[in-house]
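A.B. asks: Quick one: structure below, then a few questions.
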Amino acid sequence: MDVAGHWHAYAWTGHERPADNIRNDPTQGTPPLEIAHWLRKPARYVVETFDNTADGVEAASKWMRAGGDENEYASEGSFPLDERMTYVDDDLRRGGDAVWGYYSKQGRYVSRALVACPRAGAPCPYGR
């Protein structure tokens, strides 16, 4: 994978993990089966875009943490948010993707993704 020039942020929360046939449909806002396939979805599903700069990495990390704060992981005690953020921050510093898919304490399926862009075979939703 190439190092990100920027990241697109995607968020989805539902009652359960979507069925694979729905996840394969690029017109749906549900998390796809493959991370790169987020970029095939219409740009309206992009929540925010962060440039690969020190400020952009910090803002992307804050966005991801806010998602974790809003939707506490069902097994928070076994994998606390601060520990998960260590991995997110490392992935972002390397220019890679940072993706979560988990059940919250409220029993909802939560998906948060920071998808590195551009990448081979997946055009930028904004044509950048």
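A.B. asks: Report the one residue of Gln106, Gly56, Thr30 whose Cα lies farthest in the direction of the positive end of the charge dipole of the chain (charges on C-beta: Lys and Arg +1, Asp and Glu -1; origin at the Cα centre).
C.D. replies: Going by the Cα projections, it comes out as Thr30.
A.B. asks: Follow-up question, since we're still on this one. About its Cα centre, what dipole magnitude does the chain give when the only charges are +1 on Lys and Arg Cβ and -1 on Asp and Glu Cβ, stated in debye to the nearest 20?
C.D. replies: Taking the Cα centre of the chain as origin, the dipole is about 440 debye.
A.B. asks: Something else now. Mind checking which of Gly14, Ala116, Thr86 is farthest towards the positive end of region 6-117's charge dipole, using Cβ charges of +1 (Lys, Arg) and -1 (Asp, Glu) about the Cα centre?
C.D. replies: So the residue we want is Gly14.
A.B. asks: As a footprinting exposure proxy, order Met85, Met64 by other Cβ within 10 Å, with the fewest listed first.
C.D. replies: Listed from fewest to most nearby Cβ atoms, that is Met85, Met64.
A.B. asks: Just one of (1) 1.61; (2) 1.01; (3) 1.32 is Cα Rg over 2.2 N^0.38 Å as worked out from the coordinates here. Which one is it?
C.D. replies: Among (1) 1.61; (2) 1.01; (3) 1.32, the one derived from this structure is (2).
A short reminder: the numbers here are calculations on the coordinates, not readings from a lab. On a predicted model such as this, the values are computed, not experimentally measured, just so you know. Neighbour counts are summed over all protein chains in view; Cβ atoms, including those assigned to glycine, are modelled from backbone coordinates with ideal geometry.
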